[in-house]
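To start, the structure under review is shown below, and the notes come after it.
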Amino acid sequence: QVQLEQSGGGSVQAGGSLRLSCAVSGGTFSNLFLAWSRRRPGEERDVVAAIRANGRTNYLEAVRGRFTISRDNAKKTLYLQMDSLEPEDTAVYYCAAGIETDRINFWGQGTQVTVSS
């Protein structure tokens with residue numbers, strides 16, 4: 001069983017930066033498909049960034065160029081660096097992991113990110 005423990009998040013003004021971290025236990029970290037998802041108020045959850053076991057990344061168009069997903073296989077930790085934050089980025093952010101590429105089986109507990117104008 002894979003377990004995900006998130007940290008980071010909080011409140012920031014527009015244009016600021018935040019970094020989210022997700023410590024992963026269980027499973028073989030280097031083989032996992034990993035992602036960050038968010039749920040904005042009143043909306044469905046969307047995947048904003050994903051990183052495959054081979055390091056290939058994908059981003060939601062709305063965050064491309066502002067967010068950077070990365071993984072540290074030695075520390076078994078997933079990161080999301082969020083720069084040039086906008087009020088529209090306000091959401092609960094979740095880290096996620098999957099045993100197979102592009103499939104999510106496990107979720108973190110979620111963390112609130114609030115961006116004020």
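Surface exposure of the chain, expressed per residue as accessible area with a 1.4 Å probe, stands at 52 Å².
Taking THR90, THR68 and ordering them by how much accessible surface each has at a 1.4 Å probe, largest first, produces THR68, THR90. Diagonalising the gyration tensor over the Cα atoms of the range 45-109 and scaling each eigenvalue by 5 before taking the square root yields semi-axes of 20, 14, 12 Å, largest first. Taking the Kirkwood radius as Rh and the Cα radius of gyration as Rg, the range 5-45 has a ratio of Rg/Rh equal to 1.05.
Could you tell me how far the Cα centroid of the range 67-87 sits from the Cα centroid of the range 1-62, in Å? For the range 1-62 versus the range 67-87, the Cα centre distance is 7 Å. Shown here for the range 33-117: GluC sites (Glu not before Pro) in loop regions (DSSP other than H, G, I, E, B) with at most 16 other Cβ atoms within 10 Å, namely GLU43, GLU44, GLU61, GLU100. Leaving out ligands, DNA and RNA, what percent of the accessible area of the chain is carbon and sulfur, probe 1.4 Å? On the chain, the fraction of accessible area on carbon and sulfur atoms equals 42 percent.
Springs between Cα atoms under 10 Å define the GNM used for the chain, and in it the highest mean-square fluctuation of ARG103, ARG39, ARG52 occurs at ARG103.
The values are calculated or read from the model by the stated rules, or taken from the named source; none is laboratory data. Everything quoted here is computed from the prediction, not taken from an experiment. Neighbour counts run over all protein chains shown; Cβ positions are idealised from the backbone, glycine included. Please note that ligands, DNA and RNA were not included when accessible areas were found on the heavy atoms of the full protein model with its side chains. Shrake-Rupley method; radii C 1.70, N 1.55, O 1.52, S 1.80 Å.
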